[in-house]
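Report on one structure; see the data block that follows.
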Amino acid sequence: MMKVFTSPFNNPFINLALEDHFLRGGADLPLLFFYVNRPSVVLGRFQNPWLETNLSYLVENDIWLVRRQSGGGCVFHDHGNLNFSFIVPEGMIDRKKHAELLKEAFAQADIELMISPRNDLWLKSQEGEWKKISGSAYKQTKTASFHHGTFLVSSDLAQLEESLKHTIIPTQTKSIASVRSRVITLNQRHPGIEIKDVVELVAHHFKTIPFEIDGTLLSLPEVQESFRHLSSWEWLWGETPLFETHGVAVRKGIIEASGEKFTSESMKNIFNATDLQRMFPDFSEQHKSSSQIL
C-alpha cells in the first residue's frame, strides 16, 4: 500500500534532507512524499548555477539556490508548486510507472495529462497546445529509489522565466544542460484549484489519507548531517562540473590554475565591478536563513 506523507516545512534543504532520510531507510516503503518549498531554483546534480540561473535576480528577489542529489534539469519552486517524491524499495525504478499513476489520479477528476517521452507530464492549454506542467528526476541506491518532480499548480511563471535565464554562457562546460519547454499551471485551465486539492486527489486515488510529518525527524543525526551537506558551499557551488569562462578553467568550484575558489575576490582582476556583482551576488542572507533548521 502506498502511504502519503506531507511536509509542514517550506525550507528546501529540510525537505531534501527528509527525502534522503526516507530513501536511506527512514520509513517503510513505498511512500509518496509531498512538499512545497519557498521560492527557490533547484539545480540538477550535475549542473552549473552560472549557466542555468540568473544569480543576481535570485538574490534581489529572495529566491534561494539549491542543488539536489538527482540528475536532470533546473527547476523553479514557489508556494504555487507542489513537489512529489515516490520513494520505493527497489534499486531499479520504473521511470514511467509513477507518471502513469499521477495521470490516472488526475483522470478521475476529468483532468487529462499526457506523458512525454522523458516521462514528464503535460497539460493542454486553452489554445489546444500541450505544455509542460511537471518535470521529474530520479535517484537510485542499491536498495531503494526515488522519482521526484514538480507540479505547477499556481506558480508565478514570470518569476520562473526570469530565474532560469543564464548568468554566463561558458566557452566550455561538462555540465548537463536543462531542456527548456513551454510551461503551464494547472489553475490556468482549472481556476480555483489549490495545492491541497491536488494532494487530496492523489491520496484518494491511493485510497489513503495524507499524514503530515512533524518536527521530531529534524533532530535525527542523519537528517542534520544531510541538511548541512546540502546547504554547504562544497555541495552547492563546489559540485559544479568543469567549465571555462574568460580563459579561466574551473573544476568543482576551484580555479585550476591557482587552486583558489571561484569567487569575486579571486576573479577581481578578470572581471569589472559590474560583472563581478552579476556573477557573484551575495548569498549570505540565504545561508543565514536556510541554516535555521529548527
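The values are calculated or read from the model by the stated rules, or taken from the named source; none is laboratory data. What you see is a predicted model; the values in this text were computed from it and never measured. So basically every Cβ, Gly included, is an ideal-geometry build from the backbone, and we count neighbours across all protein chains shown.
Could you give me the residue pairs with C-beta distances under 6 Å whose first residue belongs to region 74-87 and is over 26 Å from L51 (Cα atoms), whose second residue is assigned to a loop (DSSP other than H, G, I, E, B) and among the polar types (S, T, N, Q) wherever it lies, and which are 6+ apart or on separate chains?
Here the result reads none, with nothing in region 74-87 linked to a residue that is assigned to a loop (DSSP other than H, G, I, E, B) and among the polar types (S, T, N, Q).
Show the residue pairs that are 6+ apart or on different chains and have beta-carbon atoms under 7 Å apart, the first residue being within region 268-294 and more than 17 Å from P12 (Cβ to Cβ), the second being of a type in the set (V, I, T).
Qualifying pairs under 7 Å: I270/V248; R278/T167; M279/T167; M279/I168; F280/T263; P281/V59; D282/V59.
For region 79-95, how many residues meet the condition of being crowded, with 22+ Cβ neighbours inside 10 Å and in contact with a Pro (Cβ under 8 Å, 6 or more places away or on another chain)?
Counting residues in region 79-95 that are crowded, with 22+ Cβ neighbours inside 10 Å and in contact with a Pro (Cβ under 8 Å, 6 or more places away or on another chain) gives 2.
Just give me the residues in region 152-185 being over 17 Å from V42 (Cβ atoms), surrounded by fewer than 19 Cβ atoms within 10 Å (Cβ to Cβ) and touching a residue at least 12 places away in the same chain (Cβ under 8 Å), in sequence order. Spell out the reasoning first.
Initially, region 152-185 is screened for residues over 17 Å from V42 (Cβ atoms), giving 154, 158, 168-174, 182, 184-185.
Within this subset, residues satisfying the condition of being surrounded by fewer than 19 Cβ atoms within 10 Å (Cβ to Cβ) are 158, 168-169, 171-172, 174, 182.
Within region 152-185, I168, I169, T171, Q172, K174, R182 qualify.
Out of curiosity, is I195 under 30 Å from G238 (Cβ atoms) and surrounded by 14 or more Cβ atoms within 10 Å (Cβ to Cβ)?
Working: under 30 Å from G238 (Cβ atoms): no; surrounded by 14 or more Cβ atoms within 10 Å (Cβ to Cβ): yes.
The answer is no for I195.
Sort through T263, T240 and tell me the only one that's crowded, with 18+ Cβ neighbours inside 10 Å, β-branched (V, I, T) and within 25 Å of S284 (Cα to Cα). It would help to see each step written out before you state the result.
Values: T263 fails: crowded, with 18+ Cβ neighbours inside 10 Å.
Testing whether each residue is crowded, with 18+ Cβ neighbours inside 10 Å, β-branched (V, I, T) and within 25 Å of S284 (Cα to Cα) leaves just T240.
Does any residue of region 215-230 turn out to be closer than 23 Å to L43 by Cα, without any contact (Cβ under 8 Å) to a residue 60 or more places away in the chain and small (G, A, S)?
Among the residues of region 215-230, not one is closer than 23 Å to L43 by Cα, without any contact (Cβ under 8 Å) to a residue 60 or more places away in the chain and small (G, A, S), which makes the answer no.
Could you check region 96-115 and list, in sequence order, the residues that are surrounded by fewer than 15 Cβ atoms within 10 Å (Cβ to Cβ) and either hydroxyl-bearing (S, T, Y) or closer than 15 Å to P30 by Cα (or both)?
Once the filter is applied, which keeps residues that are surrounded by fewer than 15 Cβ atoms within 10 Å (Cβ to Cβ) and either hydroxyl-bearing (S, T, Y) or closer than 15 Å to P30 by Cα (or both), region 96-115 yields only K97.
Does S7 fit the bill of being under 25 Å from V179 (Cβ atoms) and of a type in the set (S, T, Y)?
Working: under 25 Å from V179 (Cβ atoms): no; of a type in the set (S, T, Y): yes.
Spelling it out, it is not the case that S7 is under 25 Å from V179 (Cβ atoms) and of a type in the set (S, T, Y).
Of V183, V153, which residue is aliphatic (A, V, I, L, M), closer than 22 Å to N37 by Cα and touching a helix residue (DSSP H, G or I) at 6+ places or on another chain (Cβ under 6 Å)?
Working: V183 fails: touching a helix residue (DSSP H, G or I) at 6+ places or on another chain (Cβ under 6 Å).
After ruling out the rest, the residue left standing is V153.
So that you can scan it fast, the table gives a plain yes or no per residue for (1) over 29 Å from Q286 (Cβ atoms); (2) assigned to a strand (DSSP E or B); (3) at pLDDT below 95:
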{"residue": "I111", "(1), (2), (3)": "yes, no, no"}
{"residue": "R118", "(1), (2), (3)": "yes, no, yes"}
{"residue": "E127", "(1), (2), (3)": "yes, no, yes"}
{"residue": "K131", "(1), (2), (3)": "yes, yes, no"}
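Select from region 125-151 the residues that are surrounded by fewer than 15 Cβ atoms within 10 Å (Cβ to Cβ) and not polar (S, T, N, Q) and write down the one among them that is nearest to G247 (Cα to Cα).
Applying the first criterion (surrounded by fewer than 15 Cβ atoms within 10 Å (Cβ to Cβ)) to region 125-151 yields 125-129, 141-143.
Now narrow it down to the ones that are not polar (S, T, N, Q): 127-129, 142.
On the way: E127: 46, G128: 46, E129: 43, K142: 41 Å.
Across region 125-151, the extreme among qualifying residues is K142.
Enumerate the pairs (first residue in region 18-35 and under 16 Å from L82 (Cβ atoms); second residue anywhere and assigned to a loop (DSSP other than H, G, I, E, B) and small (G, A, S)) with beta-carbon separation below 8 Å, excluding pairs fewer than 6 apart on the same chain, so at least 6 apart or on different chains.
L18/S7; F33/S7; F34/S7; Y35/S7
With the requirement that a residue be under 30 Å from G91 (Cα atoms), among the charged types (D, E, K, R) and touching a Ser or Thr at 6+ places or on another chain (Cβ under 7 Å), what does region 129-184 give you?
K132, K139
Would you please name the residue that is farthest from N11 (Cα to Cα), looking only at residues in region 37-46 that are in contact with a Pro (Cβ under 8 Å, 6 or more places away or on another chain) and not β-branched (V, I, T)?
Per the criteria, the residue is F46.
Checking T216 against (1) over 22 Å from the mean Cα position of the chain (by Cα); (2) among the β-branched types (V, I, T); (3) buried (at least 17 other Cβ atoms within 10 Å of the Cβ); (4) under 27 Å from F5 (Cα atoms), which single condition isn't satisfied?
The number of the failed condition is (3).
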